[in-house]
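Structure first, then comments.
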Amino acid sequence: MIETRARTIDGKAAAQHVRARVRERCEQLKARGVTPGLVVVLVGEDPASQVYVKNKDKAATEAGFSVRTVRRAATTTQAELLALVRELNADGTVHGILVQLPLPKGLDAQALMRALDPAKDVDGLHPENVAALALGARGLVPCTPAGCIELCDQLGCSLAGKRVVVIGRSMLVGKPFAFLALARDATVTICHSRTSDLPILCREADVLVAAVGRPEMVKADWIKPGAVVLDVGINRLPDGRLVGDVDFVRASAVAGAITPVPGGVGPMTIAMLMANTLTAAARASGHADLAFGR
Ligand code: NDP
């Protein structure tokens, strides 16, 4: 029997808290004559993407937004998608555009991201938003790393002066989280597949973020006693179970607080998408006082 000492971080409750704040501000925006509008673009039939899009649609409806999913066949051309993005950019009722990734083979996701109006890029992947994050300027921040920061805030875990280690350097999670933590005055180490002595580096972390995509790679003895562990990974095992990048059961005996998978970081991603859409709508309509964050 493994002794549990960590607090399990309830991502569902934390996400509900964010979504309640979004709903409240949505009401206020509506009272000023603005209904936040989100369009999700889904290309092809990827089963996981279908589920994600359905969940986003449901969350946006619950927030009080106007939401629609634009579906296109996997055979859609890049030119057709670019034309769709331009049309949505020009539509004043649309404040947020999300192109569900990954796209079918042959389509260039980067080029589509560049075509988005950065003010409507609620995934925070347009180069202008990436640059804003690096510069500490106002922009839209990728939802998953923003959700990790929100979890720290709700835990009362200040990052100032802390050693933060991020495993993973993607533009979606690892790098933006590192910039967000740096902006909060953490001392940040970014690790990746070529990092030497990964367990030793991880053991230095007061806050450890795993965003790799390898089931239960992070072992209990990689964790500093009492550390906060945020597990971003979502991995499906052959037996159908979903697990994170951290060996949750054993890590729980060492960490101070840890997110489970599922029910940890995942729900925060959708909640932060709602927060980004609200922010985009508030700024675009001249009601920036209702926006979240910078
Ligand atoms: P990517 O595949 O883009 O990046 C994975 C990163 O992990 C890369 O930087 C890679 O290094 C690094 N890596 C791979 N193997 C190792 C290793 N053995 N040791 C150390 N580092 C390694 O993935 P994402 O960032 O998009 O996603 C990461 C995980 O998070 C996935 O499981 C994904 O499903 C999940 N996810 C969850 C979300 C949520 O809402 N909870 C949202 C987004 C993602 P290198 O750069 O050298 O290749």
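Condition (residue is within 20 Å of the chain's Cα centre (by Cα) and basic (Lys, Arg)) applied to the stretch 22-36: is it met by at least one residue? If you could, list the steps in order and put the result at the bottom.
We begin by selecting, within the stretch 22-36, every residue within 20 Å of the chain's Cα centre (by Cα); these are 22-23, 36.
Pick out the ones that are also basic (Lys, Arg) and you get 23.
Looking for residues that are within 20 Å of the chain's Cα centre (by Cα) and basic (Lys, Arg), one finds at least one in the stretch 22-36, hence yes.
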| Among the residues of the stretch 247-264, which ones are within 16 Å of the ligand (Cβ to nearest atom) and either open to solvent by 10 Å² or more (accessible area, probe 1.4 Å) or closer than 29 Å to Thr35 by Cβ (or both)? | Asp247, Phe248, Pro260, Val261, Pro262, Gly263
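For the stretch 71-79, check the following and say yes or no: at least one residue is in a helix (DSSP H, G or I) and not hydroxyl-bearing (Ser, Thr, Tyr).
Filtering the stretch 71-79 down to residues in a helix (DSSP H, G or I) leaves 78-79.
Next, only the ones that are not hydroxyl-bearing (Ser, Thr, Tyr) stay: 78-79.
The answer is yes, given that some residue of the stretch 71-79 is in a helix (DSSP H, G or I) and not hydroxyl-bearing (Ser, Thr, Tyr).
For the stretch 103-136, name all the residues that are at pLDDT 95 or above, assigned to a loop (DSSP other than H, G, I, E, B) and open to solvent by 10 Å² or more (accessible area, probe 1.4 Å).
From the stretch 103-136, those at pLDDT 95 or above are 103-135; that's our starting set.
Checking the rest, the ones that are also assigned to a loop (DSSP other than H, G, I, E, B) come to 103-108, 116-117, 122-126.
Across the stretch 103-136, the qualifying residues are Leu103, Pro104, Lys105, Gly106, Leu107, Asp108, Asp117, Asp123, Leu125, His126.
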| Out of (1) assigned to a helix (DSSP H, G or I); (2) assigned by TED's automatic domain parsing to the domain that holds Pro215; (3) without any contact (Cβ under 8 Å) to a residue 60 or more places away in the chain; (4) within 16 Å of the ligand (Cβ to nearest atom), what's the single condition that is false for Gly147? | (3)
| Which is under 19 Å from the mean Cα position of the chain (by Cα), assigned to a helix (DSSP H, G or I) and within 30 Å of Cys26 (Cβ to Cβ), of Pro267, Pro260? | Pro267
| How many of the residues in the stretch 141-170 are in contact with a strand residue (DSSP E or B) (Cβ under 7 Å, 6 or more places away or on another chain) and open to solvent by 70 Å² or more (accessible area, probe 1.4 Å)? | 2
| query | Of the residues in the stretch 171-199, how many are surrounded by fewer than 17 Cβ atoms within 10 Å (Cβ to Cβ), within 14 Å of Val130 (Cβ to Cβ) and within 6 Å of the ligand (Cβ to nearest atom)? | reply | 0
| said: If I go through the stretch 63-91 residue by residue, how many of them are within 20 Å of Leu278 (Cα to Cα), in contact (Cβ under 8 Å) with a residue 24 or more places away in the chain and open to solvent by 80 Å² or more (accessible area, probe 1.4 Å)? | reply: 1
| Tally, over the stretch 276-287, of residues that are farther than 17 Å from Val173 by Cα and either crowded, with 21+ Cβ neighbours inside 10 Å or within 9 Å of the ligand (Cβ to nearest atom) (or both) | 6
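Could you say which residue among Val51, Val39 is surrounded by 14 or more Cβ atoms within 10 Å (Cβ to Cβ), in the same structural domain as Leu82 (by TED's automatic domain parsing) and free of Cβ contacts under 8 Å to residues at least 60 places away in the same chain? Explain how you work it out, then say what you get.
Details: Val51 fails: surrounded by 14 or more Cβ atoms within 10 Å (Cβ to Cβ).
Testing whether each residue is surrounded by 14 or more Cβ atoms within 10 Å (Cβ to Cβ), in the same structural domain as Leu82 (by TED's automatic domain parsing) and free of Cβ contacts under 8 Å to residues at least 60 places away in the same chain leaves just Val39.
The values are calculated or read from the model by the stated rules, or taken from the named source; none is laboratory data. Every value quoted in this text rests on a predicted model; they were computed, and no experiment measured them. With ideal geometry, Cβ positions are generated from the backbone for all residues, glycine too; neighbour counts draw on all protein chains shown. Only protein heavy atoms, including side chains, enter the accessible area calculation; ligands, DNA and RNA are left aside. Shrake-Rupley method; radii C 1.70, N 1.55, O 1.52, S 1.80 Å.
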